[in-house]
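**Q** Attaching a single structure in structure tokens format; questions to follow.
The values are calculated or read from the model by the stated rules, or taken from the named source; none is laboratory data. Since we're looking at a predicted model, the values are computed, not measured. A quick note on method: Cβ atoms are made from the backbone with ideal geometry, for glycine too, and the neighbour counts reach across all protein chains shown. Quick note on the areas: whole protein, heavy atoms, side chains included, nothing else; ligands and nucleic acids left out. Shrake-Rupley method; radii C 1.70, N 1.55, O 1.52, S 1.80 Å.
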Amino acid sequence: MTEAVTPMPPPPPPAGLPDQEPAVTPADVRDGAAITLLVGASGALLALLWVWLAPRVQYVAHGQAVFLKNTEGEGRIGADGTFFLLSLGLGALSGLAVFLWRRRGGVALVIGLTVGSCFAALLGWRMGLWLGPGTDVAVAAAKAGEGVPFDAPLQLLAYGVLLGWPMAATLTHLCLTAAFGPRDPVPSPWEGTYPPPHVHADSKPPQG
């Protein structure tokens with residue numbers, strides 16, 4: 001009869017290995033919340049820059065009607081473009097700042113950066129409207145007088161530009177983490193032989 005080959009059990013794991021850390025720690029959650037607040041508050045800088053750099057659109061009042069002073073101007077589109085370019089620049093800076101602060105990265109940091117960037121874009125938009133020319137065109141026309149140009153309120157015609165900050169921040173942070181972030185340790189190769197020697201043990205010839 002052929003001797004049965006019994007597979008050897010796998011070797012026990014080596015002793016003394018440290019316990020695996022959880023994916024998200026309380027410190028990561030705290031850092032993510034801090035990033036959300038700081039990045040969200042920086043939307044005030046976007047509002048100030050937008051009011052300062054956005055091209056002005058002017059109206060002129062004639063009787064009871066209000067008309068654009070320059071019907072061929074691109075001020076309305078320029079306001080959207082200025083907001084979008086500022087959002088991209090500030091988003092890239094916020095992503096870089098978060099990476100330099102916590103190089104190890106983590107899910108909580110990325111979520112905090114993304115949520116804070118969305119709040120920053122919304123704050124910059126609403127605060128920019130508040131800091132810019134008044135939204136009551138009738139009152140502004142009456143104050144300016146007949147035939148006198150006055151600044152129109154700031155507007156966003158394409159609401160998609162609000163995504164510029166979160167996209168730039170998240171992409172910048174992920175690229176920096178992938179290129180310069182810490183690397184996982186490479187596991188040491190298994191020093192044993194495969195398959196085990198007993199698998200190829202010579203079987204005894206059957207006894208007649």
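**Q** Hey, can you grab everything whose amide H is under 5 Å from the amide H of Gln58? Only 5+ residues off in sequence or another chain; H modelled, so Pro and N-termini drop out.
**A** Lys69, Asn70, Ala152
**Q** Also, quick follow-up: Run the 1.4 Å probe and let me know the accessible area of Leu93, rounded to the nearest 10 Å².
**A** 110
**Q** Now, a different point. Modelled label-to-label distance, Cys175 and Arg126, 7 Å Cα→beta-carbon offset: nm?
**A** The two pseudo-label positions are separated by 3.1 nm.
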